[in-house]
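S.K.: Got a structure for you, written out below as structure tokens; questions coming shortly.
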Amino acid sequence: MHYIKKEFEEAIKEIANQEELKQLKAKFLGKKGRLTELFKQMANLENEQKKEFGKNINKLKSYIEETIIAKQKEISEFIKKKSLEEEAIDITLPSRRKEFGAVHPITKTIMEIEDIFRSMGFDVEFGYEIEYDLYNFEMLNIPKEHPARDMQDTFYINDNVLLRTHTSPTQIRVMKEKKPPVMFISPGKVYRRDSDITHSPMFHQIEGLLIDKDIHFSDLKGVLSEFLRMFFGDVPVRFRPSYFPFTEPSAEVDIGCIICKGEGCRVCSHTGFLEVLGCGMVHPNVLRNVNYPEEYNGFAFGLGIERFAMLKYGIDNIKLFFENDTRFLKQFSF
Ligand SMILES: [Zn+2]
């Protein structure tokens, strides 16, 4: 009987799971198990011996049963502990970084320019990207066959409809709707057949228009100089005579090069100045086209938002704005 106890004790040491324990239990306590064999041997014994033998078998049986129950408990506790360890949350691990979006530099530049003009009392108006030839050219004093049309390589949809080449048709739309005085800027997308490192076939402009009585070129100079200083900081501003069909007189505006501070560099073609916008007094033909009374006049201006953003943020390739590379865009998340 001792050898069975010993055999059992050796065997139970090796048990690692409930399934093995079940097999062990069957091996010792089952119908064809080791203890059943012992009971069978009992039949061959004398009566006196039988009593003692039976008592010992029962003792062994209880011992085996209790040991198996204890082992069962041990195994299930081990499993529980293991799964708790595996599912445990390590509160010392660093958390996952939250990704914050950024305002696109073009949108950011539009917002900054809008803020400046709103602070001066300008409204913000929006036009249409698909526009009539009439509003994009004719009513802005650019009739068909006018040489200025060559300056703007246009995407036509049909003979009368096109993708606007500038934000200036918004001037016509607003003046047709509203009686003077008017004072607004209008940001938006424009389209031209042009593509290189400083030109994109789609780009953004801001148009500005101020119409009232007794407006002079000095008003234009004052507003635009103040705007440029508010946007770029304290830079020299100069006005150069130029030509646009919808303004007379017309001017282009330069600021002192913000890269070389006027010393001369590649960006400013060693002139010390950068051209940033076009402007002028609204041509009388344009005001006549929208039936504004004679006593009203004013000024208009237009600027390229990409150019402003490139200069302010030191970006040298216009394509970066439209490639949606998050590494580039992330730099503007402040
Ligand atoms: Zn320069």
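S.K.: Looking only at the stretch 1-46, how many residues end up being assigned to a loop (DSSP other than H, G, I, E, B) and either of a type in the set (A, V, I, L, M) or in contact (Cβ under 8 Å) with a residue 12 or more places away in the chain (or both)?
M.R.: Result for the stretch 1-46: 6.
S.K.: Here's a follow-up. Out of all the residues in the stretch 186-203, which are among the aromatic types (Phe, Trp, Tyr) and farther than 16 Å from Thr107 by Cα?
M.R.: Of everything in the stretch 186-203, just one residue is among the aromatic types (Phe, Trp, Tyr) and farther than 16 Å from Thr107 by Cα, namely Tyr191.
S.K.: Look through Phe301, Phe217 and report the one residue that is at pLDDT 95 or above, within 16 Å of Ile185 (Cα to Cα) and aromatic (Phe, Trp, Tyr).
M.R.: On inspection, the qualifying residue turns out to be Phe301.
S.K.: Follow-up question, since we're still on this one. Keeping to the stretch 65-100, report how many residues are among the aliphatic types (A, V, I, L, M) and more than 49 Å from the chain's Cα centre (by Cα).
M.R.: The total comes to 4.
S.K.: Which residues, counting only those in the stretch 116-128, are within 16 Å of His204 (Cβ to Cβ) and among the charged types (D, E, K, R)?
M.R.: Listed by number, the list holds a single entry, Glu125.
S.K.: For the stretch 176-206, how many residues are under 26 Å from Val237 (Cα atoms), within 27 Å of the chain's Cα centre (by Cα) and not β-branched (Val, Ile, Thr)?
M.R.: So the count comes out to 7.
S.K.: If you don't mind, another one. So Leu134 passes all but one of these: (1) without any contact (Cβ under 8 Å) to a residue 40 or more places away in the chain; (2) under 27 Å from the mean Cα position of the chain (by Cα); (3) not in a loop (DSSP other than H, G, I, E, B). Which condition number does it fail?
M.R.: Leu134 satisfies all of (1) without any contact (Cβ under 8 Å) to a residue 40 or more places away in the chain; (2) under 27 Å from the mean Cα position of the chain (by Cα); (3) not in a loop (DSSP other than H, G, I, E, B) except (2).
S.K.: May I pose another question? Within the stretch 267-275, can one find any residue that is touching a Ser or Thr at 6+ places or on another chain (Cβ under 8 Å) and surrounded by 15 or more Cβ atoms within 10 Å (Cβ to Cβ)?
M.R.: For the stretch 267-275, residues touching a Ser or Thr at 6+ places or on another chain (Cβ under 8 Å) and surrounded by 15 or more Cβ atoms within 10 Å (Cβ to Cβ): absent.
S.K.: Another question, if that's okay. Is there any pair linking a residue in the stretch 257-270 that is closer than 17 Å to Ile315 by Cβ and not assigned by TED's automatic domain parsing to the domain that holds Gly314 to one that is near the ligand (Cβ under 6 Å from one of its atoms) and modelled with pLDDT of 90 or more, with Cβ under 9 Å and at least six apart or on different chains, and which?
M.R.: Within 9 Å, no pair qualifies.
S.K.: Pull up the stretch 164-212, narrow it to residues that are of a type in the set (Gly, Ala, Ser) and not in a loop (DSSP other than H, G, I, E, B), then point me to the one that is surrounded by the most Cβ atoms within 10 Å (Cβ to Cβ).
M.R.: This residue is Gly208.
S.K.: Could you grab me the full set of residues in the stretch 243-298 that are away from the ligand (no atom under 16 Å from the Cβ) and either in a loop (DSSP other than H, G, I, E, B) or of a type in the set (Phe, Trp, Tyr) (or both)?
M.R.: Residues satisfying the conditions are Tyr243, Phe244, Pro245, Phe246, His283, Val290, Asn291, Tyr292, Pro293, Glu294, Glu295, Tyr296.
S.K.: Another question, then. Evaluate the following for Ile110: is it surrounded by 20 or more Cβ atoms within 10 Å (Cβ to Cβ), assigned to a helix (DSSP H, G or I) and not polar (S, T, N, Q)?
M.R.: Here the answer is yes, as Ile110 does meet what is asked.
S.K.: Against the condition in the same structural domain as Asn141 (by TED's automatic domain parsing), closer than 19 Å to Ile318 by Cα and assigned to a loop (DSSP other than H, G, I, E, B), how does Asp234 come out, does it pass?
M.R.: Here the answer is no, as Asp234 does not meet what is asked.
S.K.: Is it the case, given these coordinates, that Arg238 is within 15 Å of the ligand (Cβ to nearest atom) and at pLDDT 95 or above?
M.R.: For Arg238, the condition - within 15 Å of the ligand (Cβ to nearest atom) and at pLDDT 95 or above - is met.
The values are calculated or read from the model by the stated rules, or taken from the named source; none is laboratory data. Because the structure is a prediction, the values reported are computed rather than measured. Please note: Cβ atoms are built from the backbone with ideal geometry, for glycine as well, and neighbour counts cover all protein chains shown.
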